[in-house]
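Trainee: Following this message is one structure expressed as structure tokens.
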Amino acid sequence: MIAVLVVVGAIGWLTWTAVDQNKEYYVTIGELNGMGGKAYSKHLRVAGNVKPGSIERSGPNATFVLLEQGRTLKVSYQAAEPPPDTFKDDAQALAVGTYGRDGVFHATQLQAKCASKYAPAKPGATPAGNGEAMGGNNTAMLQPVK
């Protein structure tokens with residue numbers, strides 16, 4: 001009976017520590033700055049817009065600055081994969097990693113979307129993919145199959 005309790009206790013403790021170490025907390029740049037020493041020991045996600053002219057690439061790695069409501073955060077991205085194609089000036093970016101005591105966010109994952117690519121269509125504009133972009137009338141595609 002005691003051996004079973006020891007095994008169950010050990011499994012519970014290992015599960016708890018593994019889950020605690022793999023948590024990712026989403027914080028804004030303002031919240032990150034207000035976390036104090038707690039920021040250095042947690043795995044974090046931080047989002048913002050890429051400051052124009054701040055991207056410096058070196059192979060698959062990059063350094064850049066995120067902007068969020070007037071606040072800035074320097075980010076160092078180091079991974080085996082290069083940043084996504086949508087990672088450009090003014091793009092919305094999400095960096096996943098840890099905050100260093102050097103004041104730099106060290107990202108191991110990076111997601112980005114181009115703000116202009118996902119902007120709403122202008123009033124009266126024809127959405128892409130409705131047949132006009134393919135060169136004209138595509139009514140044959142709309143006829144029922146017999």
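Trainee: Condition check: modelled with pLDDT of 85 or more, in a loop (DSSP other than H, G, I, E, B) and within 19 Å of residue 39 (Cβ to Cβ). Does residue 103 satisfy that?
Mentor: Criteria met by residue 103.
Trainee: Here's a follow-up. Among the strands (runs of 3 or more DSSP E) confined wholly to the stretch 38-97, which include 1 or more residues that are buried (at least 16 other Cβ atoms within 10 Å of the Cβ)?
Mentor: Working: elements: 43-50, 56-58, 61-68, 71-77.
Of the strands (runs of 3 or more DSSP E) lying wholly inside the stretch 38-97, those with at least 1 residues that are buried (at least 16 other Cβ atoms within 10 Å of the Cβ) span 43-50, 61-68, 71-77.
Trainee: Another question about this same structure. Every residue in the stretch 19-59 that is modelled with pLDDT of 90 or more and out of contact with any strand residue (DSSP E or B) (no Cβ under 6 Å at 6 or more places or on another chain), please.
Mentor: Result: 52, 53, 57.
The values are calculated or read from the model by the stated rules, or taken from the named source; none is laboratory data. Bear in mind the structure is a predicted one, so any value in this text is a computation, not a measurement. We place every Cβ from the backbone using ideal geometry, glycine too, and count neighbours over all the protein chains shown.
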